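S.K.: Okay, handing you the structure first.
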Amino acid sequence: MTGDVGLLLRRAGFGPLPAELAAARQVGYATTLAGLVSPSGPDIGAIGAPMPAIGLDPFVGLPAKPTQEQIDRASVARREQTELLARWWLDRLVVADHQAFERLQFFWQGHWATNVVAQQLMAAQHRTLRESRDFREMAHRMVEDRALIEFLNGDQNTKAAPNENLARELCELFMLGIGQYTERDVKQAARALTGYQISLTSVTPVFRPQLHDAGKKTILGVTANFDAKSLVDLLLKQKACPRFLAARMWFRYASPSVPIPDRVKERMAAAFPRPMAMLGAMFEAEEFQATGGSLVKQPVEWFVGALRQLGLRPSAFTPVMFDRMFWALAALGQRPFAPPSVGGWPSGTAWLTAAAANKKLSIARDLADLLKPERMTPESLAYTLCVDKWTDRTYAVLRGVKDPRRLLALGLVSPEYQVT
C-alpha cells in the first residue's frame, strides 16, 4: 500500500510533529496506518491530561425564587465550569499520543451534536462516546443520554403529547440519513422514546412507565411494542445505517464537496460497527488520496494542530490567555462542546471568511507571542508546521518578513496550513 503519509497524519489526527512525519515516511503508509487505527499500549500523553471533576451544576440547590445576586454567582460559576471542561479537552487533544482515536472523539462531538448549558451532562456524554466499544453500543447508550435527551426535548416526550425531535434526528442525522424513513416512521419512533425525564442530580435519565407508550408501533415496516432499546436495534439492522455513517466519515475526513465513491462506502460499511476499522478502510482507498489539498481545517483542528507543533498546552496558559483564546474560538464558530445546531458544525469554505481570517490572525499572533521564536525562516517554519511546500505566492510573502513572530503568525494562517 502506498500513499502520502503526510496527508494521512494530517487527516487522521490534528497535525503531525516533524519527528512523527519523518518516522512515518521511513516506515511507510501501511505501517503508519496500522499504528493509527490500532495503537498499541496505553496513551501516555493522554494519561497526563485526566478529565477534571466538574461538580454539580451551580443552579442546583438554588431556592425556588433566587435573588439576582444568586443567579449572577451561579452564572459565573457555570461559565467557569464551561471553560474548565473545554480547557481539559483541548489539552488532551494536544498531548494525546493516540491521535486518530482523539480525532474520532472530535468527530463524534459533531455527529451526535449536542449543546446544553449544564456541563455535567456534556462531560457525561463525552465519557459515553469515549467509552463505547463500537457504534452499536454507542447508539444504545446515546438514545438514553441525558444531554441529548434534554437538547432534543426528549424529556417532553410523553404518551399524552409525543415530541418527535429526538426520533427525527435519530433517523435523519445520527443513524439512517434523509430518504431512508417516512414521517410516519418518525411519529411511531417518537412513541417508542416516550417516558424519559432528566435530573441534574441523577447520573441516568429517569424512566417513568406511566409516561411511556407501551402500545404496538409500526416502524420501517416492522410492527412491535418498540421501546428505546428495540428501536435502536431496528435502526442498526437497516442497510442504510453503516452506509450513512461511512458517508458522514468521508464528509469530515476526506471531502465535504465530493460524494463518497460507492466502492469506498461499501468497504467501510463492511467494517461496521467498528469505527476505527471503517476509518482504516477509508484511508486505504486510492480515492482518499485523491482528496489531498481540498479539506479546510475546522477551527479546533487548526488550533490544536498549531499547539501540538509549537509545543504549547492549554493547561499551561494563564487564565486570562486561555479565556481570550477560548472565546476567540467561539467567535470563529467552534467552541468545544457547543455545536451551533443538531446538524453539527459547518464545513469547507464556511471557515474561510474574511472575519475568520482576522480572528485566526489574532490567535496566531498570541501563539507567536507565547512561543517567542528568536530565529525563523520560511524553510524552518515549513518544517515546524509540517507543510510540504509553500506556493510561490506564499513564499514570496514569507521571505520578506524578518520578524520571526510575524513570520510564524503568517505561516499559521497561510492557505497551505489551513487546507490539507
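Computed from the coordinates by the stated procedures, all read-outs in this text should not be read as laboratory data. Owing to the predicted nature of the structure, the values given are computational and were not obtained by experimental measurement. Using ideal geometry, Cβ is built from the backbone for each residue, glycine included, and neighbour counts are taken over all protein chains shown.
S.K.: What FRET efficiency do you get for residue 1 and residue 257 if R0 is 45 Å and r is their Cβ-Cβ distance, rounded to the nearest 0.05?
M.R.: 0.95
S.K.: For the chain, report the translational diffusion coefficient in µm²/s to the nearest whole number, using Stokes-Einstein at 4 °C, 1.567 mPa s, and a Kirkwood Rh over Cα pairs. Don't skip to the answer; put the middle values down first.
M.R.: Numbers: Rh = 23.0 Å.
It comes out at roughly 56 µm²/s.
S.K.: Can you tell me the alpha carbon radius of gyration of region 149-237 divided by the globular rule-of-thumb value 2.2 N^0.38 Å?
M.R.: On the way: Rg = 12.4 Å, N = 89, 2.2 N^0.38 = 12.1 Å.
Against the empirical 2.2 N^0.38 Å value, I get 1.02 for region 149-237.
S.K.: Test of understanding: ordering 82, 114 by Cβ neighbours within 10 Å, fewest first, what list do you get? Don't skip to the end; give the middle numbers.
M.R.: Working: 82 20, 114 24.
Starting with the residue having the fewest Cβ neighbours, the order is 82, 114.
S.K.: Decide, for region 220-344, between rounded, prolate and oblate: order the square roots of the alpha carbon gyration tensor eigenvalues as a ≥ b ≥ c, take rounded if a/c falls under 1.5, and otherwise choose prolate if a/b is larger than b/c, else oblate.
M.R.: Details: a/c = 2.74, a/b = 1.56, b/c = 1.76.
Oblate.
S.K.: Could I ask something else about it? For the pair residue 178 and residue 44, how long in nm is the line joining their label points, each one 7 Å along Cα→Cβ?
M.R.: With each label point 7 Å from Cα toward Cβ, the separation is 4.8 nm.
S.K.: What would the Debye equation give as log₁₀ I(q)/I(0) for region 116-166 at q = 0.13, 0.24, 0.30, 0.32 Å⁻¹, counting only Cα atoms as equal point scatterers?
M.R.: The Debye formula, applied to the Cα set alone, gives -0.33, -0.88, -1.08, -1.14.
S.K.: Using Cα positions and a limit of under 20 Å, work out the lysines in reach of residue 237, with same-chain residues fewer than 8 apart set aside.
M.R.: Of all the lysines, those that pass the test against residue 237 - Cα under 20 Å, at least 8 places apart if same chain - are 187, 216, 217, 229, 265.
S.K.: What is the spin-label model distance, in nm, from residue 320 to residue 289 if the labels are put 7 Å beyond Cα along the C-beta direction?
M.R.: Going from the residue 320 label point to the residue 289 one covers 5.1 nm.
S.K.: Same structure, new question: Can you put 376, 122 in order of Cβ neighbours within 10 angstrom, beginning with the fewest? Working shown, then result.
M.R.: On the way: 376 21, 122 26.
So the ranking, lowest neighbour count to highest, is 376, 122.
S.K.: Regarding region 43-116, what are the three Cα extents along the principal axes, ordered largest first, in Å?
M.R.: That gives 48, 27, 14 Å along the principal axes, largest extent first.
S.K.: If you rank 84, 193, 410 by fewest surrounding Cβ atoms within 10 Å, what's the result? Mind showing how you got there, number by number?
M.R.: On the way: 84 17, 193 27, 410 21.
Ascending Cβ contact count within 10 Å gives the list 84, 410, 193.
S.K.: Can you give the relative contact order of region 43-116 as a percent, counting alpha carbon pairs under 8 Å and 6+ residues apart? Let's see the in-between values first.
M.R.: Numbers: 41 pairs, mean separation 33.9, N = 74.
Relative CO of region 43-116 lands at 46 percent.
S.K.: So how far apart, in nm, are the two label points at residue 353 and residue 56 if each is 7 Å from Cα heading toward Cβ?
M.R.: Taking the simple label geometry, residue 353 and residue 56 are separated by 4.0 nm.
S.K.: Less than 13 Å from a label point 7 Å out along the Cα-to-Cβ axis of residue 17: which backbone N atoms in region 30-51 qualify, by residue?
M.R.: Output list for this probe position: 44-46.
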